[in-house]
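Inspection log for the structure reproduced underneath, given as structure tokens.
Where a number appears in this text, it was derived from the coordinates with a stated rule and is not lab data. Just so you know, these numbers come straight off a predicted model, no measurement behind them. For neighbour counting, all protein chains shown are included, and Cβ atoms are generated from backbone atoms with ideal geometry for every residue, glycine included.
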Ligand SMILES: Cc1cc2nc3c(=O)[nH]c(=O)nc-3n(C[C@H](O)[C@H](O)[C@H](O)COP(=O)(O)O)c2cc1C
């Protein structure tokens, strides 16, 4: 378990790379030294919490949150609050999009498993 770690920020205009991959994300900027890697997270938006898979890119200083069960819409300008719950893995470099996509699918499965056991 992580010590509670929360990142808050305004959703930036994305480059839509995640959408192109099939996994749209809401991206916020990171200010200082932050964690890196892929995490299970709970993301608060307009007072509601959503299960999410989060990619923290320490190099680009960006946090990308993929909402598991959320209609894809433009969240640009909205404030989100991302609570990291557990680390899944480190960031990896992939040869091609197909391998990356398969890996993200596994991340999402890990998030589902986690919440299956914690939601009532
Ligand atoms: C849960 C999740 C995990 C991700 N993990 C990685 C990863 O390990 N490596 C990676 O290059 N991109 C990962 N991405 C994809 C990035 O969001 C981004 O689309 C990708 O880095 C493409 O960047 P590029 O255009 O610089 O190649 C992940 C995305 C999500 C939503």
In nm, to one decimal, how far is the modelled label at residue 106 from the one at residue 49, with both set 7 Å along Cα→Cβ?
-> 2.8 nm
Using the Kirkwood formula over every pair of different C-alpha atoms, what hydrodynamic radius in Å results for the chain?
-> 14.4 Å
Using 7 Å Cα-to-Cβ label points, what is the residue 78/residue 59 separation (nm, one decimal)?
-> 3.0 nm
Length gained, residue 33-residue 98, 0.36 nm per residue minus C-alpha separation, equals 20.3 nm
Could you give me the percent of Cα pairs per 10 Å distance bin for the range 10-76, shortest bin first, beginning at zero and ending with the bin that holds the maximum distance?
-> 21, 57, 21, 0
Would you mind calculating the relative contact order of the chain from Cα pairs under 8 angstrom and at least 6 residues apart, reporting the percent as a whole number?
-> 32 percent
